[in-house]
Amino acid sequence: MVIEFRIKKCRHIITLNLIGEKKMNLMADILLNVTVAFLVGSILFGLQRKVMARIQMRPGPPIIQHMLHTLKFFIKETVFPRTAAMPFYVAITVILCAIWVAAVIIGPVTHGPLLLLFAIFAIHKIVEHNAGSSSGSPYGKLSCVRAVFSAAAELPLFAVLIIVFIQTGTMDLNGIIAYQAEHGALLFTLPLTAMMFIALIISKSYYYSPLNITLARDIVSGFETEHFGTLRGFIMISEAITWYMLLWIFLTVFLGALTPIEYLIGMVILTAIVGLINAVTPILNPNHSIMTEVTLAFIGIVGSLLMIFFL
Amino acid sequence: MDNQIFYLIYVLAFVIGSIIGLVLSYKKYTEPFIRKNIDITALAIAIIGWLLALNFALIPVIPYYISITMGVFLIAMVIGMRPGYGRYETVIGFAVAGIIWILRTVLS
């Protein structure tokens with residue numbers, strides 16, 4: 001009896017350890033992926049600025065400039081404007097960071113449903129809106145209004161989701177990857193859908209994007225203008241993770257399972273293309289930006305549906 | 001998981017190398033990039049870095065992840081130099097390592 005008791009006790013401990021190990025692995029996986037997303041996203045932003053600078057015949061900033069900039073804000077004084085709507089003004093930066101950490105968990109860590117990732121894009125729009133309005137700054141408010149205005153330009157986002165579902169029959173990332181392993185990359189079967197997603201990537205790019213009206217330079221730094229110190233640092237961390245996730249989703253949805261090196265090469269190529277477009281394109285006014293995105297969405301949706309049903 | 005940790009280490013090596021390269025090059029060069037000379041030290045670092053990163057199989061005594069980490073660190077030191085400096089050295093280093101990689105893998 002004594003031996004049995006010992007064996008049972010021993011088994012019990014082993015079971016507990018296994019559960020603990022799984023949780024630890026998941027936590028480590030999340031921490032690792034979030035760190036990689038921030039570091040790689042920041043370096044890619046640096047690369048984008050470097051590409052833009054070379055096109056304009058300038059040496060450009062160091063490639064780690066965005067990261068240095070981000071870290072710098074954590075040692076600067078955090079000032080709160082008198083007009084800020086507290087505690088919302090502070091909470092919105094934490095929410096922004098949290099939704100993109102959640103995106104990393106849904107994407108690279110668990111390969112969860114695509115629908116949730118697109119829901120995060122929708123929440124990002126709401127966060128942009130609220131970050132702009134919470135500071136009380138006129139630039140922030142203009143950015144806030146533009147965030148609502150540009151919600152119409154999120155049409156490609158939902159169109160991509162629906163068209164990929166029609167083609168693959170699933171919204172699960174693992175399912176989409178498995179479909180591509182069997183039928184080939186979606187980039188070649190749905191090129192117009194990929195084009196819509198590229199337009200979306202351009203519209204979310206940080207430096208001098210022709211389509212990103214919420215951060216256009218005519219309203220200084222848009223919804224970020226009145227966020228200082230640590231709060232700005234959190235916003236910049238979120239932006240780096242956002243950029244990494246945008247490229248990660250594009251590569252996963254349109255090219256399938258890739259190795260980390262292939263992901264990195266793909267991200268570098270996409271960032272260089274976006275840098276080239278941003279460097280040679282004027283920043284559009286809000287009306288033109290929305291109309292450009294809606295037009296691209298129309299071409300993408302109609303073209304993709306015709307390709308799916310008639311080719 | 002192990003592979004992911006290695007990739008995190010490579011990224012961290014790149015970041016740390018870039019910061020060190022930036023700091024050292026600002027101490028070495030007090031003026032902006034005008035004369036367009038090739039820095040021999042930076043060239044040697046770039047060639048060694050690219051060789052270690054691309055041709056780690058040539059040095060079987062060192063584990064591959066250590067070779068790549070050291071290579072990425074050295075590459076980043078040159079890429080991360082003061083704006084303008086280090087780009088010719090990077091291109092030459094990549095070309096030398098690339099040629100050796102082609103000779104080693106494609107032509108052998």
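The values are calculated or read from the model by the stated rules, or taken from the named source; none is laboratory data. Computed from a prediction, not measured in an experiment: that's the story for all the values here. Here the Cβ is made from the backbone with ideal geometry for all residues, glycine too, and neighbour counts use every protein chain on show.
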**OP:** Would you mention how many residues in the stretch A:242-273 are within 14 Å of another protein chain (Cβ to nearest Cβ), of a type in the set (A, V, I, L, M, F, W, C) and buried (at least 22 other Cβ atoms within 10 Å of the Cβ)?
**Re:** 2
**OP:** Please give the helices (runs of 4 or more DSSP H) falling wholly within the stretch A:102-190 in which 2 or more residues are surrounded by fewer than 17 Cβ atoms within 10 Å (Cβ to Cβ).
**Re:** A:114-135, A:138-149, A:155-168, A:173-183
Original post:
Is it the case that the stretch A:171-178 has a residue that's farther than 30 Å from A:E224 by Cα and small (G, A, S)?
Top reply: yes
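Considering only the stretch A:219-229, I want to know if a residue exists there that is of a type outside the set (S, T, N, Q) and under 28 Å from A:G112 (Cα atoms).
No, there is no match, as no residue in the stretch A:219-229 is of a type outside the set (S, T, N, Q) and under 28 Å from A:G112 (Cα atoms).
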Subject >> Residues located in the stretch B:84-100, provided they are modelled with pLDDT under 90 and assigned to a helix (DSSP H, G or I) >> reply: B:R87
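Quick check on this structure: which one of B:M77, B:M81 is within 14 Å of the chain's Cα centre (by Cα), part of a loop (DSSP other than H, G, I, E, B) and closer than 23 Å to A:I43 by Cα? So that I can check it myself, show each step before the final result.
On the way: B:M77 fails: part of a loop (DSSP other than H, G, I, E, B).
After applying the criteria, what remains is B:M81.
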Original post:
Only one of (1) assigned to a helix (DSSP H, G or I); (2) modelled with pLDDT of 90 or more fails for B:A57. Which number is that?
Top reply: (2)
Subject >> Top-ranked residue of the stretch B:1-35 - restricted to ones that are in a loop (DSSP other than H, G, I, E, B) and within 11 Å of chain A (Cβ to nearest Cβ), ranked as farthest from the chain's Cα centre (by Cα) >> reply: B:M1
**OP:** Would you check which residues across the stretch A:30-42 are more than 7 Å from chain B (Cβ to nearest Cβ) and buried (at least 16 other Cβ atoms within 10 Å of the Cβ) and list them?
**Re:** A:I30, A:N33, A:V34, A:A37, A:F38, A:G41, A:S42
**OP:** Scan the stretch B:26-53 and report the pairs whose first residue is at positive phi and whose second residue is outside any loop (DSSP other than H, G, I, E, B), with Cβ atoms within less than 8 Å and a gap of 6+ or a chain change.
**Re:** B:K36/B:Y88
Original post:
Is at least one residue of the stretch B:12-25 hydrophobic (A, V, I, L, M, F, W, C), over 30 Å from A:L31 (Cα atoms) and crowded, with 17+ Cβ neighbours inside 10 Å?
Top reply: no
